[in-house]
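The values are calculated or read from the model by the stated rules, or taken from the named source; none is laboratory data. Nothing here was measured: the structure is a model prediction, and the numbers come from that model. A quick note on method: Cβ atoms are made from the backbone with ideal geometry, for glycine too, and the neighbour counts reach across all protein chains shown. The protein model used for the area step is the full one, side chains on, heavy atoms only, and it has no ligands, DNA or RNA in it. Shrake-Rupley method; radii C 1.70, N 1.55, O 1.52, S 1.80 Å.
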Amino acid sequence: MNFKTDHNFALELDKSDSLSRFRESFHIPKHTDGTDSIYLCGNSLGLQPRQTKTFLNQELDDWARLGVEGHFHAAHPWMPYHEFLADTTAKIVGAKPHEVVIMNTLTTNLHLMMVSFYQPKGKRTKIIIEADAFPSDRYAVASQVNFHGHDDKENVIEWSPRPGEHTPRLEDLENLLIEQGDEIALIMVGAVNYYTGQFFDLKKITELGHAAGAMVGFDCAHGAGNVDLQLHDSGADFAVWCTYKYMNSGPGSLGGCFVHERHANNPELPRFTGWWGHNKDTRFKMRDDFEPMHGAEGWQLSNPPILSMVAIRASLDLFAQAGFDNLRKKSIQLTNYLEYLLKNLEGDRISIITPINAKDRGCQLSLAVKNADKSLFEAITAKGVIADWREPDVIRIAPVPLYNNYEDCWRFVDVLKSEM
């Protein structure tokens, strides 16, 4: 499509957008002047669906009315509640329903996965992560290495960009594996890098890792609900993600976990176990030895917090209505439009460090600010833009296709232009 920079063009794009109706399904925070804020921060916290309160009230009413009997007799019984989330979640992350489960929180799930999939033996003790991984991933990986009696300074290997570049190249990972492949136990990278917005080729990374004899997992916190992950087809051993960013489940909500079906019933895999991962047909016999459920459910520990799961279900309902393929198509065009507007700004103060090719990114664009001191970010915030600043010089912008529109992108760039 040939884009234009004028306001009317943005309005016309919104009129022709078949998904525009979903914006009304969300609460848009208000600016101090009473107008809708320009909310471009779904990569940090997704907006609240209007129906979340209705969904929550249903469970609160059932709890008040039924007490413990709600586990079996609520409108949506609590006992199998996590199962209600499996089909739509699987479609979003590209998995089979028995390969996914909603449980715990992101880093907890990462640790549980590394119990099973990081098994250092002999000289195969190292973990590869991307150089600018999210801090929680770095801390988790380093602590697992140390827990097994190894030095994380020597055994956590960074896959780094080349000098003068912002994003790492796949061929450099391949070279790392050529040089140290027989020492690598696990590759664990963010599917979409939180800082640059780069979307990695999960299938190729998995193929490289497996060819070198390593396990492969992904942190999909910035990928789930954003890009077409295709976790099953990637062949990855595991993946983890949160649901409060692009999946709009509320601050600190539960995480998700993928375990490839080839590991579904592998008794050789070590794991930390809990009652909720036990075969549900015999769970209430209480005294049986642990018998894991089939698939990802077998990694569950405790019965889930229903009120948090309710918020996830409320958002997943909107994903199911919109269709994830449709959302991804809109996301590509919406982000391409934002990129076009940014590139038409005068001067060189703003540069985009996110890959330009749509297949190598999701909806996030990371903007490096020349001679940054955060003053520009603070100025656009005062004008109603809700975005995200990351040290030392990056403003992260994420037009989310479920609730952002083309006019949001136009308004943001208009504010940015006025403050530059």
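Please count, across segment 255-367, the pairs of lysine residues with Cα atoms under 21 Å apart that sit 8 or more places apart or on different chains. The result is 4.
Of the GluC sites (Glu not before Pro) found in segment 150-185, those in coil by DSSP whose Cβ has at most 12 other Cβ atoms within 10 Å are GLU165. Of the beta bridges in the chain, as assigned by DSSP with both residues counted there, near 60 percent are antiparallel.
Accessible area per residue for the chain is 43 Å², calculated with a 1.4 Å probe on protein heavy atoms, without ligands, DNA or RNA.
Each part reduced to its alpha carbon centroid, segment 195-261 and segment 24-93 end up 23 Å apart. Between GLU99, GLU339, GLU261, the Gaussian network model of the chain with springs among Cα atoms under 10 angstrom shows the greatest mean-square fluctuation at GLU339. If a spin label sat at a point 7 angstrom from the Cα of HIS7 along the line to its beta carbon, the backbone N atoms of segment 376-420 nearer than 16 Å would be those of 384, 406-419. Each of the trypsin sites (Lys or Arg not before Pro) that DSSP puts in a loop and that has at most 12 other Cβ atoms within 10 Å breaks the chain; the longest unbroken stretch is 124-286. Close amide-amide hydrogen proximity is noted between PHE26 and ARG50, each under 5 Å apart and 5 or more residues distant or on a separate chain (H modeled in the peptide plane; Pro and chain starts excluded). Here the Kirkwood formula puts the hydrodynamic radius of the chain at 22.6 Å, using every distinct Cα pair.
Please give the charge dipole size of the chain, origin at the Cα centre, charges +1 on K and R Cβ atoms and -1 on D and E Cβ atoms. Round to the nearest 20 debye. Computed charge dipole of the chain: roughly 500 debye. 3J(HN,Hα) couplings calculated from phi for segment 347-358 with the Karplus curve 6.51 cos²θ - 1.76 cosθ + 1.60 (θ = phi - 60°) are, in sequence order, x, 10, 6, 10, 10, 8, 9, 6, x, 7, 5, 4 Hz; Gly and Pro show x. The phi torsions of segment 127-139, fed into the Karplus equation with coefficients 6.51, -1.76 and 1.60 and a -60° offset, translate into couplings of 10, 9, 10, 6, 4, 10, 5, 4, x, 4, 5, 4, 5 Hz, rounded to whole numbers, with Gly and Pro shown as x. For segment 156-167, putting each phi into the Karplus relation 6.51 cos²θ - 1.76 cosθ + 1.60 with θ = phi - 60° gives couplings of 9, 9, 9, 8, 10, x, 6, x, x, 10, 9, 10 Hz, in residue order, rounded to whole numbers and with x for Gly and Pro.
For GLN198, the residues 5 or more places off, or on other chains, whose built amide H falls under 5 Å of its own are ASN193. Candidates ALA221, PRO120, HIS71 compared by Cα position along the dipole of the chain: farthest toward the positive end lies HIS71, with charges placed on Cβ.
Straight Cα distances below 19 angstrom link LYS121 to the aspartates and glutamates ASP151, ASP152, GLU154, GLU179, ASP182, GLU183, ASP237, GLU268, with same-chain residues fewer than 8 positions distant left out. What number, rounded to the nearest 500 deg cm²/dmol, is the helix-based mean residue ellipticity at 222 nm of the chain, given -39500 (n - 2.57) per DSSP H run of at least four residues and division by all its residues? Theoretical 222 nm ellipticity from helices: -10500 deg cm²/dmol. Once backbone amide H atoms are built at 1.01 Å from N, ILE187 has ILE128, MET215, VAL216, GLY217 as its partners under 5 Å, excluding neighbours fewer than 5 places away on the same chain.
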